[in-house]
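Peer 1: Got a structure for you, questions after.
The values are calculated or read from the model by the stated rules, or taken from the named source; none is laboratory data. Please read all numbers here as calculations on a predicted model, not as lab measurements. Note: ideal-geometry Cβ built from the backbone for every residue, glycine included; neighbour counts use all protein chains shown.
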Amino acid sequence: MRTAKAAGLAAALLGVLLPSRASAYHDQNHGLIDYTAHSLNGGELRLGLFEQNVGIHRYVQVGTETLPWLASLFLRSVAPNVNVKLGLVRSKPFDLSLRGAVYYAYLAAEHSDAAGRGDLWLLPVSLYTSSRLLPWLSVHTEATFTWLAAGAKVDVEELSVRGTGISNSLQLGAMLEARVNPVVAVTLRGRLQPYTSPTVVRSRSGEADSFQLDADAKLSSNLSHVPLNVIAGLALSWKNVNLQFGMGFGNYFIPSFGVPIPGARLVPDGSFFVRF
Amino acid sequence: MARSSSASDRRLVWHLGAWLVLVLACSPQISQPELADLGDTLAAYESPRGVLSSDNVEELVATAAQRLRGLSLANPQQLILAVVDDLEPELEARGLVDSTVDERHSLSVDASLRLRVACPGPTHDEPDAGATFGSLNLVTRVDDNALAHVIQGQAHACTFPASEEAASSMLDGDIFLYRYDALSTQVADARFLLVVEGALSTTSAEGTELRNFDARLLGPSLELRLDVGGAEVIAFLDGETLGIRDARARYTCVLETRVCQAGDGATLTW
């Protein structure tokens, strides 16, 4: 009985892994679109767990990410976001894309003796390249510069502080994609944040006619290492259904926002979407 | 044609790279104030180089008594503690606890602090609405999580209560403060060096005025630097005790008996 089950499972797995021309999806016009320079073709639509996109032109893809919208439920305020991916170069062995995104969140909190509210803007700009080194092997690179700005007003008892904060970061990523067949690809992805600008916070507190303190502070991280991770995974691409999953080690970068969490740990990775 | 497209692509990449470098170069920065180096003045109070002798004791003791009396009447501690009282909760709200940034979050903090304080006026009573009694504009900085010891700036006709009932003090000019310890609102714990390039005056009957001076405010005790032949001795007022520290000894002086006596029993009279 157990042998029969195992055989059935193996058969199902082979069904997935073995090449099938009829179900082959990855060709020159349908590459992986996450962490690569590839994007949806004009008229294509992606509906996924984490991101929704539409290809409005051969070179232009627009979309929005799901997690910030879900976070709106907890923030009790809408956190809109939009992204655009432009195909700058579309040649057979080499693609170059520029992706820009804007995230906004309004945050407010209130307690018995303190209240605060603020705005958060996050603007990542990414440059992606995708190169096919061998018929079965591609390499994708990413450079993302993120500009973060926040403004807040906090009232604690009699103290009132208004402030703004700015921080920049640069993240670099690379992914090797080894294609087993048109459906299955093995991926090895690495990501690191070699540069994080100090966060500059400018604040003003007190009353203008009695006491006023202007503080310009620069907050630098004392972390002794560069945040990074390496993730091995599988990418499965059927005609419409796409599934990516993997596991790695290192710093966890918060999805959508890309903010690294200090401390090395196991890093799960996953994505699911349909494309049609 | 393909060659032209390739060249165009290369130009595009270089342009994008240039923009990225430009954005990185424009990383947010802050400018911190340059603070005065008070090292020589601090050293003078720790180790005065002048010598009290029978030749200069009469003049120095008289000067010390008169200037310390003026300083005591002016009561600058009152003003400093009022500023600290306003400043301390603000620093705490920003994570500056005991004048040191909380380091739990693996953050290194550098900061520039600019403070504008309206002076309290001649009495301890709540001033009338709209009344102005001058101001203090002060700056200091935080370096690698630590609040600088020097706080400096300008006093603009800053009026505050004197120690004598019904009298007030006025501070006007550039001021430099060196805090020896963490900021405290307790008089007993407040230890500062005060340097004034300007005037500190009182409206008391004695009408005292100190110009371009430095003093140490060590809790309730006061110390003043007096020039003696290009070097200095330190006059002090500790409670009712008047005295002078020089390069060799610490003298307590009694004006009535015209005697200064060192700890080892040596005396100077006039």
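Peer 1: Say we look at the stretch A:65-88 and pick out the residues that are among the polar types (S, T, N, Q) and closer than 14 Å to A:ALA105 by Cα; which of these is modelled with the lowest pLDDT? Give the derivation first.
Peer 2: At the first step, the residues of the stretch A:65-88 found to be among the polar types (S, T, N, Q) are A:66, A:72, A:77, A:81, A:83.
Filter once more, so that each one left must be closer than 14 Å to A:ALA105 by Cα: A:66, A:72, A:77, A:81.
Working: A:THR66: 91, A:SER72: 81, A:SER77: 78, A:ASN81: 94.
Of everything passing the filter in the stretch A:65-88, A:SER77 is modelled with the lowest pLDDT.
Peer 1: Which number in (1) at pLDDT below 95; (2) more than 14 Å from chain B (Cβ to nearest Cβ); (3) assigned to a strand (DSSP E or B) marks the one condition that A:PRO255 misses?
Peer 2: Every condition holds for A:PRO255 apart from (3).
Peer 1: Is one or more of the residues making up the stretch A:100-120 within 14 Å of chain B (Cβ to nearest Cβ), at pLDDT 90 or above and assigned to a strand (DSSP E or B)? Full working, then the answer.
Peer 2: Going through the stretch A:100-120, the residues within 14 Å of chain B (Cβ to nearest Cβ) turn out to be A:100, A:113-116.
Those left that are additionally at pLDDT 90 or above: A:100.
Next cut, assigned to a strand (DSSP E or B) only: A:100.
Yes, the stretch A:100-120 contains at least one residue that is within 14 Å of chain B (Cβ to nearest Cβ), at pLDDT 90 or above and assigned to a strand (DSSP E or B).
Conditions (1) more than 10 Å from every other protein chain (Cβ to nearest Cβ); (2) under 19 Å from A:PRO198 (Cβ atoms); (3) modelled with pLDDT of 75 or more, marked per residue:
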position	(1), (2), (3)
B:SER72	yes, no, yes
B:ALA93	no, no, no
B:SER99	yes, no, no
B:SER108	no, yes, yes
B:ASP125	yes, no, no
B:THR132	no, no, yes
B:LEU147	yes, yes, yes
B:ALA155	yes, no, yes
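Peer 1: Check off (1) loosely packed, with under 15 Cβ neighbours inside 10 Å; (2) in a helix (DSSP H, G or I) for A:LYS92 and give me the number that stays unchecked.
Peer 2: Exception for A:LYS92: condition (2).
Peer 1: May I pose another question? Touching a residue at least 60 places away in the same chain (Cβ under 8 Å) and not acidic (Asp, Glu): is that true of A:ARG204 in this structure?
Peer 2: No; evaluated as a whole, the condition is false for this residue.
Peer 1: Tell me, please, whether a residue that is within 14 Å of chain B (Cβ to nearest Cβ) and in contact (Cβ under 8 Å) with a residue 60 or more places away in the chain can be found in the stretch A:177-189. I'd like the intermediate steps shown before the answer.
Peer 2: Step one: list which residues in the stretch A:177-189 are within 14 Å of chain B (Cβ to nearest Cβ), which gives none.
No, because not a single residue in the stretch A:177-189 is within 14 Å of chain B (Cβ to nearest Cβ) and in contact (Cβ under 8 Å) with a residue 60 or more places away in the chain.
Peer 1: Also: Report yes if A:ASN53 is within 23 Å of A:ARG189 (Cα to Cα) and more than 13 Å from chain B (Cβ to nearest Cβ), otherwise no. Lay out the reasoning, then the answer.
Peer 2: Values: within 23 Å of A:ARG189 (Cα to Cα): yes; more than 13 Å from chain B (Cβ to nearest Cβ): yes.
Spelling it out, A:ASN53 is indeed within 23 Å of A:ARG189 (Cα to Cα) and more than 13 Å from chain B (Cβ to nearest Cβ).
Peer 1: If you don't mind, another one. Run down A:LEU127, A:LEU170 and say which single residue is within 12 Å of chain B (Cβ to nearest Cβ), surrounded by fewer than 18 Cβ atoms within 10 Å (Cβ to Cβ) and under 30 Å from A:HIS30 (Cα atoms). Walk me through how you get there before you give the answer.
Peer 2: Working: A:LEU127 fails: surrounded by fewer than 18 Cβ atoms within 10 Å (Cβ to Cβ).
After ruling out the rest, the residue left standing is A:LEU170.
Peer 1: In the stretch A:167-209, how many are under 28 Å from A:ILE33 (Cβ atoms), out of contact with any Gly (no Cβ under 6 Å at 6 or more places or on another chain) and basic (Lys, Arg)?
Peer 2: 2
Peer 1: Which condition number does A:SER97 fail, the rest of (1) closer than 21 Å to A:THR129 by Cα; (2) in contact with a helix residue (DSSP H, G or I) (Cβ under 9 Å, 6 or more places away or on another chain) being met?
Peer 2: Of the numbered conditions (1) closer than 21 Å to A:THR129 by Cα; (2) in contact with a helix residue (DSSP H, G or I) (Cβ under 9 Å, 6 or more places away or on another chain), the odd one out for A:SER97 is (2).
Peer 1: Now, a different point. Considering each of A:LEU213, A:LEU219, A:LEU236 in turn, give the residue that is at the interface with chain B (Cβ under 7 Å from one of its Cβ atoms) and in contact with a helix residue (DSSP H, G or I) (Cβ under 7 Å, 6 or more places away or on another chain). So that I can check it myself, show each step before the final result.
Peer 2: Working: A:LEU219 fails: in contact with a helix residue (DSSP H, G or I) (Cβ under 7 Å, 6 or more places away or on another chain); A:LEU236 fails: at the interface with chain B (Cβ under 7 Å from one of its Cβ atoms).
The unique qualifying residue is A:LEU213.
Peer 1: Looking at A:ARG191, A:ARG204, A:ARG265, which is the one that is surrounded by 14 or more Cβ atoms within 10 Å (Cβ to Cβ), touching a Phe, Trp or Tyr at 6+ places or on another chain (Cβ under 9 Å) and part of a strand (DSSP E or B)? First the steps, then the outcome.
Peer 2: Details: A:ARG204 fails: touching a Phe, Trp or Tyr at 6+ places or on another chain (Cβ under 9 Å); A:ARG265 fails: surrounded by 14 or more Cβ atoms within 10 Å (Cβ to Cβ).
Going through A:ARG191, A:ARG204, A:ARG265 in turn, the sole match is A:ARG191.
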